[in-house]
């Protein structure tokens, strides 16, 4: 599979008496949503932690946009508007 992004979250410290790590419907809902996106989710009762969770999601593919114009500034301007939204601009000045 392609590249992935991973995130690990842990709340450290002693667990208050009678407090258990999160379980149940909320974690299953999170797991289902993440798996529908091609990712993985795991939560565990790690020693010394209140809660430990790991989330892995596939990286979104970069979309390519072709800009055809004889003025290179048009491609640059278009690139400025879309590059922060997951797009890559390829410019052609001739056909």
What residue, among those in the range 50-91 that are assigned to a loop (DSSP other than H, G, I, E, B) and at pLDDT 85 or above, is surrounded by the fewest Cβ atoms within 10 Å (Cβ to Cβ)?
70
Pair list, Cβ under 7 Å, 6 or more apart: the range 18-33 residue closer than 20 Å to residue 56 by Cα, other residue at pLDDT 80 or above
30/41; 31/41
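The values are calculated or read from the model by the stated rules, or taken from the named source; none is laboratory data. Nothing here was measured: the structure is a model prediction, and the numbers come from that model. Cβ: placed from backbone, ideal geometry, glycine included. Neighbour counts: every protein chain shown.
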